[in-house]
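Participant: Next up is a structure, given as structure tokens.
Just so it is clear, none of the values below were taken in a lab; they were calculated from the coordinates. All values reported here derive from a predicted model rather than from experimental measurement. Ideal geometry is used to build each Cβ from the backbone, glycine not excepted, and the neighbour counts take in all protein chains shown.
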Amino acid sequence: MVVQSVVLKRTFDLHKSEYEEAALRALNSGWYILGKEMEDFEQKFAAYMGTKHCVALNSGTDALILAFRAIGIQPGDEVIVPAGAYIASVIGVMENGGTPIFVDMDVNMEIDANAIEANITDKTKAILPVHLYGQCSRMDKIIKIAQKYTLIIIEDCAQCHGSTFNGKLAGTFGDIGCFSFYPTKPLGALGDAGAVVTDSDELAEKVRLLRNYGSKVKYQNEINGVNSRMDEVQAAILKVGLKYLDAGNNERRHQAQMYMDGLKNSKVIIPPVYEDVYHVYHLFPVLVEDRDDFQEYLAKNGIKTQVHYPIPPYVAECYKDWGYQWSDFPNAEQYAKQEVSLPIYAGLPDEEVRYVIDVINRYS
Ligand SMILES: Cc1ncc(COP(=O)(O)O)c(C=O)c1O
């Protein structure tokens, strides 16, 4: 049997006719940028999140860049970020001239909330929890620290649409929640797209201006902005996806449960998840000491896997001048060297999950 790590066509096929109808409706409307589909999606996503505002953008990376711009991050400002996250989170800070201050990961593969406080200086302006793999970070602890030091919280929710901590949705704890709708995400477009959510009228207005050349009224440019608008076709597609977001999350949670119940191999470690979290399993990470050997074994048995992420941002080639060593953040280093993401996505048949479990349990 061949098992791919993600088959987007299968996820698309689950609601194919609705996606086609939505795309055609947008195409036939004759209006492609800043139109009714986008406005409608903004309202619907804000309603799902329970936030006052959603501002639809071009990508998750833009959501992060514009969120940090909106809160006024500038050269000299420090932002606490997880050492083991995806590089886009760091780009959000860097594009505004800010300095990312890395904090190691905890045993649950999220930012170690207990290690944040020791990294706060008088230059710290914000904390960026990145809710990785579909699991909301320890927001109870992070909020306490932010309140104690009057710091802004920007949440990177690119992998956790619908995840909660203590019953509260990821993306609604901080000042701004940043979402990616990259096609593989729990809520995925069929191209690039992203959004921010916030309860702040002021921040929403700022991001709305920033995404449209700094302009509300054509040719009147109030601030220096960019072009980061979600197009009408993606917005129409996302409205369909949003209807099935919870169903997709449930499906992946079911597959994750199959892995957790079925995997019995001491060489393959399933990291613990927080007790108070509703995990939406954007990914299913396991840790294996000899990753190359394990991935090769799986590939020989027809199973494709991915790694999230093999090179942590603090040692990325583009940031080599910072002089960090791999060993500076031991947990991030371990995850970068041992993490393997098993196949998990809406539309993956149980039979394939059972096959993956069976093959892994025979790995020696
Ligand atoms: C944690 C995280 N943050 C940010 C991003 C960037 O989102 P986008 O690809 O939409 O720019 C991603 C996307 O892969 C991500 O996983």
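Participant: Figure the gain on full extension for TRP326 and LYS168 (residue separation times 0.36 nm, minus the Cα-Cα span) and round it to one decimal in nm.
Facilitator: 53.4 nm
Participant: Please work out the C-alpha center-to-center distance from the stretch 119-196 to the stretch 5-61 and express it in whole Å.
Facilitator: 21 Å
Participant: Now for a different question. Note down the net charge around GLU339, summing +1 for each Lys or Arg and -1 for each Asp or Glu among other residues with Cβ under 12 Å from its Cβ.
Facilitator: Taking every other residue near GLU339 into account, the sum is 0.
Participant: Shifting gears a bit: Let's see if you can work this out: charge +1 on each Lys and Arg Cβ, -1 on each Asp and Glu Cβ, no other charges. What is the dipole magnitude of the chain about its Cα centre, in debye to the nearest 20?
Facilitator: On the way: 35 positive and 49 negative charges, 115 e Å.
Taking the Cα centre of the chain as origin, the dipole is about 560 debye.
Participant: Calculate the translational D of the stretch 245-361 in whole µm² s⁻¹ from Stokes-Einstein, where the hydrodynamic radius comes from the Kirkwood formula applied to all Cα pairs, the temperature is 25 °C and the viscosity 0.890 mPa s.
Facilitator: 158 µm²/s
Participant: Highest GNM mean-square fluctuation, the chain, Cα pairs closer than 10 Å: which of GLU251, GLU289, GLU78?
Facilitator: Looking only at GLU251, GLU289, GLU78, the biggest GNM fluctuation is shown by GLU289.
Participant: Using a simple spin-label model with points 7 Å from Cα along the Cα→Cβ vector, what separation in nm is obtained for SER29 and LYS264?
Facilitator: With each label point 7 Å from Cα toward Cβ, the separation is 5.3 nm.
Participant: What are the extents of the Cα atoms of the stretch 47-134 along their three principal axes, in Å, largest first?
Facilitator: The Cα atoms of the stretch 47-134 stretch 35, 31, 23 Å along their principal axes.
Participant: Provide the FRET efficiency to the nearest 0.05 for the SER17-THR150 pair, computing r from the beta carbons and using R0 = 56 Å.
Facilitator: Computed FRET efficiency for SER17 and THR150 comes out at 0.65.
Participant: In what sequence do HIS282, HIS15 fall when counting other Cβ within 10 Å, fewest first?
Facilitator: Details: HIS282 25, HIS15 20.
Ranking HIS282, HIS15 by Cβ neighbours within 10 Å, fewest first, gives HIS15, HIS282.
Participant: What whole-number value in cubic angstrom gives the convex hull volume per residue for the C-alpha atoms of the chain?
Facilitator: 134 Å³
Participant: Related question: In nm, to one decimal, how far is the HIS254 label point from the LYS216 one, both placed 7 Å along Cα→Cβ?
Facilitator: 4.7 nm
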